[in-house]
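I have placed the structure first, in the form of structure tokens, so that the comments after it can refer back to it.
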Amino acid sequence: MNFKKHHLALIVAASITSPISLAAGFQVTNHSASGLGHANAGDAVIADNASAIANNPAAIMLFDSASLSVGANGVVPSTDVTDVKLNGALELDDAEDVTNSSTVPYLYYIHPVNEQFSVGASIYSDFGTSVEYSDEFNDQYYLSPAINAGLYAGTTKIWSLNYAATAGYRINDAISLGGSVKALNGGGTFERGTTIDFEGSGWTYGWDLGVVYELSPQHRFGLSYKSAMDLDVQDTTDSTFTSNGYTFGIDYLEISLPSIAEFSGYHGVTENLAVHYSIMHIGWSGFEELNFKLDSEVLPEYTSTYGWDDSWRYSLGTTYQASTALALRAGISYDESPIPEDKRIFSIVDSNRIWYSTGATWAFNEQSSIDFGLSYIVGEEVDIEEAIYIDALGSDVTLSGTAKTTAWLAGLQFNYNF
């Protein structure tokens, strides 16, 4: 049974609170305060602190001493949906601030064993989103209270955390290889009108591979690949799916998380100035549908089809060593939405977006330093028209509107070299 466009904004962000992704789709790219300061440009090879292993496991071979990085990035988004109409005629109240503020923590550790071999461990996230429309907005209806805006908007809150173990090996002075194995714990809450009421959590496993090529200490390249993962989110609160007056229990939800490939470069232009860049490919075409597995032989599953495309992210940044103690950063990034115009939805308000970033590092001494990063994100204004088939009417009912997202991200991070 396939119902049109009921949507779970899957997620996944390393946070105790409900996290939000400000990258396109529901990807989280803000793995560190230092990376936030240059729009994540060069993250797969820049290796200015231990957070490098989040983007490329081979980057641990660029460290000659044990290194620890711990911190958190705060996200303050603003998403407004205006000019909202139900079935093309009924004008609804606007929805303001439907995306939630959150905090995304992380921790990384790198330990060189010898000149050719290093190990590491990390806790972070690659995905995440949190969208919550008000009850007043969700309760607005067309013809019947059962045909309401909550069927399209509702509430989506999901969390997750990656636990990764990493090993790297230096083949020669130029080439290093690395790999990670990771366990992802994820879950969340999904509500859509009177149709879906789901909450659950689950585990899945994946891997990362990477390579670093060093032309010289001042010129290097990094290439990494993160595997796609399938996550079964097990019900924890007697979740239900309702259709045609019948209610079914939901046992679990199947979700496919996309692969991520990244190429980065780093170039020391002068003794104090470096430029770095990244090109990232996200395999969103693997995110085809969501399958809710029901505890009924009559109706074994409910499927929602998405039809997203693969997407790209482009970043350019610079680092300037102003003094022995102070490094300054800046960057810009263009983030491509994976959602085609005719597939846009209210539960994941997504668009192409640009990141403007700046940041700094202050070194207290040779062992310890702090990073600060700040980004401002501007999303394109997009029109959304989402249709759901209503059995009682025997036809589609559409919700349409115009959405705009902006956000501030700020990060603070502590680094220590042993």
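Annotations
- Taking the listed residues Asn56, Asn114, Asn73, the one that is without any contact (Cβ under 8 Å) to a residue 40 or more places away in the chain and either among the polar types (S, T, N, Q) or at positive phi (or both) is Asn114, with no other qualifying.
- You will find that of Ser347, Ser311, the residue that is of a type outside the set (Lys, Arg), in contact (Cβ under 8 Å) with a residue 12 or more places away in the chain, touching a His at 6+ places or on another chain (Cβ under 6 Å) and over 14 Å from His276 (Cβ atoms) is Ser347 and no other.
- Looking only at the range 370-418, and only at residues there that are free of Cβ contacts under 8 Å to residues at least 60 places away in the same chain and β-branched (Val, Ile, Thr), the one that is farthest from Phe63 (Cα to Cα): Val382
- Residue ID - nearest to Thr303 (Cα to Cα), chosen from residues in the range 236-251 that are touching a Leu at 6+ places or on another chain (Cβ under 9 Å) and modelled with pLDDT under 90: Ser243
- Top-ranked residue of the range 247-269 - restricted to ones that are of a type in the set (S, T, N, Q) and within 21 Å of Ala44 (Cα to Cα), ranked as farthest from the chain's Cα centre (by Cα): Ser264
- Residue in the range 317-346 that is surrounded by the fewest Cβ atoms within 10 Å (Cβ to Cβ), counting only those that are polar (S, T, N, Q) and touching a Lys or Arg at 6+ places or on another chain (Cβ under 8 Å): Thr318
- Hits in the range 374-384 - residues which are in a strand (DSSP E or B) and within 21 Å of Glu336 (Cβ to Cβ): Ser375, Tyr376, Ile377, Val378, Gly379, Val382, Asp383, Ile384
- Residues in the range 136-154 that are without any contact (Cβ under 8 Å) to a residue 24 or more places away in the chain and not in a strand (DSSP E or B): Asp139 only.
- Summed over the range 163-184, residues that are touching an Asp or Glu at 6+ places or on another chain (Cβ under 9 Å) and either closer than 20 Å to Ala66 by Cα or surrounded by fewer than 21 Cβ atoms within 10 Å (Cβ to Cβ) (or both) total 11.
The rows are residues; the columns are (1) surrounded by 15 or more Cβ atoms within 10 Å (Cβ to Cβ); (2) aliphatic (A, V, I, L, M).
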position: Ser67; (1), (2): yes, no
position: Val75; (1), (2): yes, yes
position: Thr79; (1), (2): yes, no
position: Ala89; (1), (2): no, yes
position: Asp93; (1), (2): no, no
position: Asp97; (1), (2): no, no
position: Val104; (1), (2): yes, yes
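- Check on Ser357, modelled with pLDDT of 95 or more, farther than 25 Å from Ala228 by Cα and over 23 Å from the mean Cα position of the chain (by Cα): no
- When the range 208-253 is filtered for residues that are of a type in the set (Val, Ile, Thr), surrounded by 24 or more Cβ atoms within 10 Å (Cβ to Cβ) and farther than 17 Å from Ile175 by Cβ, the ones remaining, listed by number, are Val233, Ile250.
- Scanning the range 216-262 for residues that are of a type outside the set (A, V, I, L, M, F, W, C) and touching a His at 6+ places or on another chain (Cβ under 6 Å) turns up just one, His219.
- Screening the range 194-303 for strands (runs of 3 or more DSSP E) wholly inside it with 3 or more residues that are touching a strand residue (DSSP E or B) at 6+ places or on another chain (Cβ under 7 Å), touching a residue at least 12 places away in the same chain (Cβ under 8 Å) and under 30 Å from Gly37 (Cβ atoms) returns the ranges 196-216, 219-226, 260-268, 273-282.
- Considering only residues in the range 194-207 that are among the hydrophobic types (A, V, I, L, M, F, W, C) and surrounded by fewer than 20 Cβ atoms within 10 Å (Cβ to Cβ), the one that is nearest to Ala146 (Cα to Cα) turns out to be Trp203.
- Residues within the range 155-193 that are under 20 Å from the mean Cα position of the chain (by Cα) and not in a strand (DSSP E or B), tallied: 0
- The set of residues from the range 341-373 being part of a loop (DSSP other than H, G, I, E, B), more than 30 Å from Ser400 (Cβ to Cβ) and not charged (D, E, K, R) comprises Phe364, Asn365, Gln367.
The values are calculated or read from the model by the stated rules, or taken from the named source; none is laboratory data. Since the model is a prediction, treat every value here as computed from it, not as a measurement. All Cβ positions, glycine included, derive from the backbone under ideal geometry; neighbour counts span all protein chains shown.
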